[in-house]
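Here's the structure we're looking at; comments come further down.
The values are calculated or read from the model by the stated rules, or taken from the named source; none is laboratory data. Given the structure is predicted, the values throughout are model-derived calculations rather than measurements. Don't worry about glycine lacking a Cβ; one is built from the backbone with ideal geometry, like all the others, and counts go over all protein chains shown. SASA here: full protein model, heavy atoms, side chains in, ligands and nucleic acids out. Shrake-Rupley method; radii C 1.70, N 1.55, O 1.52, S 1.80 Å.
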Amino acid sequence: MDPQTALELVKHGVTLLFLDVPQYTLVAIDTQMFSVGPAFKGIKMIPPGTHFVYYSSSSRDGKEFSPIIGFFIDVGPSEVIVRKWDQQDERLVKVSEEEEERYSLAVKNLEFDRLLGPYNLSYYEDWKRLSNFITKSVIERLEPVGGEITVECENEMVRNIPKMPMEKALDEQLKVGKSASSVVKSQRKGCYYTSIPRVVKCKGISGQELTSLNLDKTQLLENLLAKDYGGSEDLLLGELQFSFIAFLMGQSLEAFFQWKSLVSLLLGCTKAPFHTRTQLFTKFIKVIFYQLKYGLQKDRADETGPVLLDDSWLSAESFLHHLCKDFFSLLQDESVVDGDLLKWIRKFKELLESNLGWEFQQSSAVDGMYFEENDEFAPVVEMLDDEAPSV
């Protein structure tokens, strides 16, 4: 990058100024992680917008780390976020308004420039795909009091939630290496996620109708969209992205359960994807495609990114495999399918097959693009834009 371009990015980008952070502490933003050295004072050249900042304090030899603490930010051009390390509580805390103003001026005068690590813009596209529905209103709606997301305050919250073997394993893993201040942190509350019922209960309807409501989650989806999301599909997708990032980057078990609940709700709909909420499901499949594409990467060029998804989380016995299998089979009963939706379902299916080795019914209508034109069982694809595939 030429010096003039770099200077413009420094001046107009966002800066995180982190003071007195101990050496070996892991500090991260979005998909990028830094190991703190003796001169580290923060991160510069961050694009304005939504980001997830997270960190993990280290033992003195840099070999053991405490559970991650993370928080979302929504920041404008040239904004400076100032935090100072609290040694007793082993975390970053806000400074006074007077200090923030003084340090912000120093940052803008480039006094800290050589002590700030640059945000790697080559990873920004990945982050945008993971967070494009997370807005300031989504953050304010979901974040806990104080803004900090950490598994250390989740013991009580997730204790009574039924867990599969891999979820129990993570629960145990996240209990290891707790910091001395875990008792204080355990008193904090978690995120304000939307409550998603696992079973639909309704008075005054027949058993057959109740069974139908539980087999097809379309009506539950409609009720939640109206009641909890003010009719906004994008708010729901924002919560889906928020919970995935809090789980994958922030190692929050509570966030995983919320992501799982939202995915189960959407993939449990029979009518909505192809009849009433096609646009929502096109966006949803695109969101989960990029989530798993990023999370399942095997060959990152560097080792400074966050922990990625372990295959055991998405085994052939997992909730996602069963839901996807049923979801893909729905296409065989549809006479008309939106082309853009079919394109993204196909990409999603191919990702699961290639990255996880999952096998689905070979005659699935997801593979309809390969059917001969005179095949009477091939789905009819409704074309709505120039990017839609041809059959």
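Here are the numbers:
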quantity	calculated
In sequence order, calculated HN-Hα J values of the stretch 75-89 (Karplus, 6.51, -1.76, 1.60; Hz; x Gly/Pro)	10, x, x, 6, 6, 10, 9, 10, 9, 10, 6, 9, 5, 5, 8
Inter-site label distance for Ser96 and Asn223 at 7 Å from Cα along Cβ, in nm	5.3 nm
In Å², nearest 10: area of Glu99 left accessible to a 1.4 Å probe	50 Å²
Per-pair calculated FRET efficiency, R0 = 22 Å: His12 and Lys128 via Cβ, rounded to 0.05	0.80
Computed lengthening from Tyr192 to Phe319, 0.36 nm per intervening residue step minus Cα-Cα distance	43.3 nm
Cα shape, the stretch 8-155, gyration tensor, a/c 1.5 rule	rounded
Ordering of 225-233, 332-340 by packing [mean C-beta count within 10 Å, highest first]	332-340, 225-233
Surface accessible to a 1.4 Å probe, Leu121 within the full protein complex, Å²	70 Å²
Built amide H within the under 5 Å cut-off of Arg91, gap 5+	Asp86
³J(HN,Hα) computed for each position of the stretch 65-73 - Karplus, 6.51 cos²θ - 1.76 cosθ + 1.60, integer Hz, glycine/proline x	10, 7, x, 5, 10, x, 8, 8, 9
Cross-link pairs Lys41/Lys189; Lys217/Lys283; Lys128/Lys271; Lys63/Lys84; Lys283/Lys325 - those with Cα-Cα distance over 27 Å	Lys41/Lys189; Lys128/Lys271
Extension reserve of the Thr5-Glu350 stretch, reckoned as 0.36 nm per residue once the Cα distance is removed	120.3 nm
Other-chain or far-sequence residues with amide H under 5 Å of Arg277's (modelled H)	none
Difference of contour (0.36 nm per residue) and Cα-Cα distance, Leu105 to Glu359	85.7 nm
From phi via Karplus (6.51, -1.76, 1.60), per-residue ³J(HN,Hα) for the stretch 91-108 in Hz, x at Gly/Pro	7, 7, 10, 6, 9, 5, 4, 5, 5, 4, 5, 5, 5, 4, 5, 5, 5, 5
Label-point separation in nm, Ser35 to Asp234, each point 7 Å along Cα→Cβ	4.1 nm
Under 5 Å, built H, 5+ apart or other chain: amide partners of Gly42	Phe18, Gly117
Ranked order, Phe257, Phe34 - accessible area, probe 1.4 Å, largest first	Phe34, Phe257
